[in-house]
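Single-structure report; data block below.
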Amino acid sequence: MIRRNYAYISATLVSILYGVTFTIAKDVMPNYVMPFGFILLRVFGATVLFWAFAFLGPKEKIALGDYPRIFFAAFFGVALNMLTFFKGLSFTSPIMGAVLMCTTPMIVLVLSAFMLRERLALKKIIGLVLGLIGTAVLILYGKSIHNAPHASLGNLLVFINAISYGFYLILVKKLMNKYNAFTFVKWIYTFGLLLVIPFGWPEFEAISWQLIPLSIYYKIGFIVVGSTFLTYLLNLISMRELKPTTVAVFIYLQPLFASVFAIGLGKDEISAVKLTAALLIFTGVYLVTQNKDPKAKT
């Protein structure tokens, strides 16, 4: 039970970091760094960090037959996921981007039903529906207060990102059951780096480093270390104890934290609409994370 609680805490911290990322990333791109160039910088930095801290994990050898799964996990969880997310975020608003990520639990729920043959308990379905209702409230409110001139294209790309992330959560689950996180995540990012180089290199070369203020460098560092390196480790910790469907539902918290961060910066204000949405989202997360048998051994 203690390990399961740590998993819930890890999943919540991931939502907080990602919720902050939506606003911080918009401050960096496209004015200082273009989206694909930012992704190359992000993945390269995270890859270096994962290899540098690999000694924290046990010495394990990856079976040759598992490399194809690692490659596809890198494709869906790093390359396609990040490229579509940052490109889409550059076109749409932070809250809209965070809200669209909330489609991931529904995607994972469907994928798990087909690929992992998970049963869809009524309580989980009710939780997902409540979370989606809370998300819809934020969607309707967010559209009226954020400027998104290319919202349609941006929203489509973020939705593709959500689908890609759903596939990643399913693929990486079997790897988590077999290896320590440090054993394979460094390879996921290595393959991911090779996949994003062709897309990100032209925009990376175009960066005018001398024109970037110090505050933007700090924000780039936060994206690389906080919302990439730390979030992937925390996600892997949570996925060791929780089902992919449960981990995915914590994405519902991202619009809430994104809104709170914007309020803290004086860019938004508290309203009855947001409080109602927050209540629905938290209720949905609570229902989905409940075990059918509370006495079941973790």
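Table for the structure above
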{"item": "Shape of region 185-236, Cα gyration tensor, a/c cut at 1.5", "result": "oblate"}
{"item": "Sequence of W51, W187 when ordered by accessible area, the most exposed leading, probe 1.4 angstrom", "result": "W51, W187"}
{"item": "Rounded to the nearest 10 Å², the accessible area of M239 at probe 1.4 Å", "result": "0"}
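The values are calculated or read from the model by the stated rules, or taken from the named source; none is laboratory data. Predicted model, so just to flag it, every value in this text is computed and none were measured. Just the protein is used for accessible areas: all its heavy atoms, side chains included, with ligands, DNA and RNA removed. Shrake-Rupley method; radii C 1.70, N 1.55, O 1.52, S 1.80 Å.
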